[in-house]
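The values are calculated or read from the model by the stated rules, or taken from the named source; none is laboratory data. Computed from a predicted structure; not experimentally measured. A quick note on method: Cβ atoms are made from the backbone with ideal geometry, for glycine too, and the neighbour counts reach across all protein chains shown.
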Amino acid sequence: MQHGQDRKNDLTVLIDKKKVLNEAEKRNYNGDIYKALLNMNYRLKNGFQSNQDLTPFIIEYARFVSAPYGKLPDSLKKDRFMRFGQIINKKLSNDKKLDIDKLFRVEQQSQLNGKVYRALGEFNKLLTNKECIGDVNDTIIALSKGSQIYTTEKHDLYYQSQSTPIADTVSSLIKDLSLGSIKESNSGSTYREEARPKKRKKNNNRPKL
């Protein structure tokens, strides 16, 4: 982890190796400590500076490495949020990068409830073989507010900030019609012509009175 550190500022990476290894042994070397070390290494390479013992940070991270975002303490929520944003930025062109600090401020305004973090996840899934139109940060914020993301035939992503039940219904029907998948409703609202009673044929062979 000391590789690449700025020696001019006399920065040193302090880790109690014995304590870290003991913690890993307690966990039967399940990988939590290893992931925590990788996370700290990543943070150091991205500008995290500390002249204090990093052992508590590593062990604390290991406690929550498999925990969902909502179960994390606030300090680790920020760490995971920023890390996820950096992973997404690697997939984006230079003119389409996320402003991760801005997005995290929006997340903080919502008491770190995870809406923006989940929006990052939705956006990340949509990025496969697709390209985003417009401001990516606005797209993430729109997703966090429940707006829908659409894809075009050119594999571009764009969002619609407003949606109405009628528009959604029409859109759904058009999609179903194009796929030929509309099914007869069981609710009784589907129109069905009533069967007309058959007319009795006249019997011309009956004797006249």
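Here are a few things to note about the model shown:
For every residue, the table says whether it meets (1) in contact with a Leu (Cβ under 6 Å, 6 or more places away or on another chain); (2) under 30 Å from residue 135 (Cα atoms); (3) not small (Gly, Ala, Ser).
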| position | (1), (2), (3) |
| --- | --- |
| 16 | no, no, yes |
| 22 | no, no, yes |
| 30 | no, no, yes |
| 36 | no, no, no |
| 47 | no, yes, no |
| 62 | no, no, no |
| 87 | no, yes, yes |
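- Residue selected from the stretch 66-79 under the condition surrounded by fewer than 18 Cβ atoms within 10 Å (Cβ to Cβ) and free of Cβ contacts under 8 Å to residues at least 40 places away in the same chain, by the criterion nearest to residue 33 (Cα to Cα): 66
- The stretch 24-70, residues that are part of a loop (DSSP other than H, G, I, E, B), over 16 Å from residue 1 (Cβ atoms) and more than 30 Å from the chain's Cα centre (by Cα): 28
- Residue pairs whose Cβ atoms lie under 6 Å apart, separated by 6 or more positions or on different chains, with the first residue in the stretch 128-146 and within 13 Å of residue 102 (Cβ to Cβ) and modelled with pLDDT of 75 or more and the second assigned to a loop (DSSP other than H, G, I, E, B) and not β-branched (Val, Ile, Thr), are 136/98; 137/99.
- Among the residues of the stretch 90-126, the ones that are in a helix (DSSP H, G or I), surrounded by fewer than 18 Cβ atoms within 10 Å (Cβ to Cβ) and either in the same structural domain as residue 48 (by TED's automatic domain parsing) or small (Gly, Ala, Ser) (or both) come to 1 in all.
- In the stretch 71-79, the count of residues that are under 17 Å from the mean Cα position of the chain (by Cα) and on the phi > 0 side of the Ramachandran plot is zero.
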